[in-house]
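One structure is given below, represented as structure tokens, and several questions about it will come after.
The values are calculated or read from the model by the stated rules, or taken from the named source; none is laboratory data. Treat the numbers as computed from the prediction; the structure is a model and nothing was measured. With ideal geometry, Cβ positions are generated from the backbone for all residues, glycine too; neighbour counts draw on all protein chains shown.
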Amino acid sequence: MKIKVIHYRIPERSPRRKAKDKMPSFKLLKQYNRKQPPFVPQTKGGKTEVFILSNDGAILSQGIAYCSMSDNFNYMIGREIALNRANLIFTINKEE
């Protein structure tokens, strides 16, 4: 079994959402790689996806964590929340 993590961030030059506690606009989210950053991200808002994959690459489960536009984005917390959601779905599917 393998785990794949993808982070999505909002580029710094994108218009900021003014309303507090709103989810980030899906149109503004771009895939982000910390090792080779394609853009400078805003500090607030984002999305993390975690995929649990079989050894042959098939997706067994998926978990998603969103960071509100009023919260600072944190890679570790997003990964942990998304992984817990993916594990929950994987466990339920395994029991059926």
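Considering only residues of the stretch 12-30 that are in contact with a Pro (Cβ under 8 Å, 6 or more places away or on another chain) and more than 16 Å from residue 72 (Cβ to Cβ), which is modelled with the highest pLDDT? Steps first, please.
Step one: of the stretch 12-30, the residues in contact with a Pro (Cβ under 8 Å, 6 or more places away or on another chain) are 12, 17, 28, 30.
From the residues that got through so far, the ones that are more than 16 Å from residue 72 (Cβ to Cβ) too are 28, 30.
Details: 28: 84, 30: 91.
So the residue we want is 30.
Looking at 56, 71, can you tell me which residue is under 23 Å from residue 95 (Cβ atoms) and acidic (Asp, Glu)? Spell out how you get there, then give the answer.
Details: 71 fails: under 23 Å from residue 95 (Cβ atoms).
Result of the check over 56, 71: 56.
Does the stretch 62-72 include one or more residues that are polar (S, T, N, Q), surrounded by 14 or more Cβ atoms within 10 Å (Cβ to Cβ), more than 26 Å from residue 87 (Cβ to Cβ) and at pLDDT below 90?
Filtering the stretch 62-72 for residues polar (S, T, N, Q) gives 62, 68, 70, 72.
Imposing the further condition that a residue be surrounded by 14 or more Cβ atoms within 10 Å (Cβ to Cβ) reduces the set to 62, 68.
Narrowing the set further to residues that are more than 26 Å from residue 87 (Cβ to Cβ) leaves none.
Taking every residue of the stretch 62-72 in turn, none turns out to be polar (S, T, N, Q), surrounded by 14 or more Cβ atoms within 10 Å (Cβ to Cβ), more than 26 Å from residue 87 (Cβ to Cβ) and at pLDDT below 90.
What residue, of 59, 64, 81, is touching a strand residue (DSSP E or B) at 6+ places or on another chain (Cβ under 8 Å), within 13 Å of residue 8 (Cα to Cα) and of a type in the set (A, V, I, L, M)?
Result of the check over 59, 64, 81: 64.
Shifting gears a bit: Hey, does the stretch 42-53 have a residue that's aromatic (Phe, Trp, Tyr), modelled with pLDDT of 95 or more and in a strand (DSSP E or B)?
yes
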